[in-house]
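Comments concern the structure below.
Just so it is clear, none of the values below were taken in a lab; they were calculated from the coordinates. What you see is a predicted model; the values in this text were computed from it and never measured. No Cβ is skipped: glycine too gets one built from the backbone with ideal geometry, and neighbour counts run over all protein chains shown.
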Amino acid sequence: MLSNLTAQPQDKILALMGAYRADPRLDKIDLGVGVYKDATGATPIMRAIKSAEQLLWQVQETKSYVGLAGDPSILGGHV
């Protein structure tokens, strides 16, 4: 079955990330990841995110998959 698969083009975001890593310039801007990094290269975590994660840790009963549209119960079933 897998022998019938054909090679797909490289993912454009992954290609962009590879080009960024390969670029030796020090003043380059990373357009591939889409997250803020400070001057040390760290991605800060907002206090609101830490609070939300703490709440999830306390009340979450499952780690089942939630689709890209999100949790329908949050939007009153309008997804």
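Restricting attention to region 38-57, report how many residues are under 18 Å from the mean Cα position of the chain (by Cα) and assigned to a helix (DSSP H, G or I).
Within region 38-57, residues that are under 18 Å from the mean Cα position of the chain (by Cα) and assigned to a helix (DSSP H, G or I) number 5.
State whether one or more residues within region 25-37 are outside any loop (DSSP other than H, G, I, E, B), exposed (fewer than 11 other Cβ atoms within 10 Å of the Cβ) and free of Cβ contacts under 8 Å to residues at least 40 places away in the same chain.
no
For region 2-23, which positions are outside any helix (DSSP H, G or I) and polar (S, T, N, Q)?
Thr6, Gln8, Gln10
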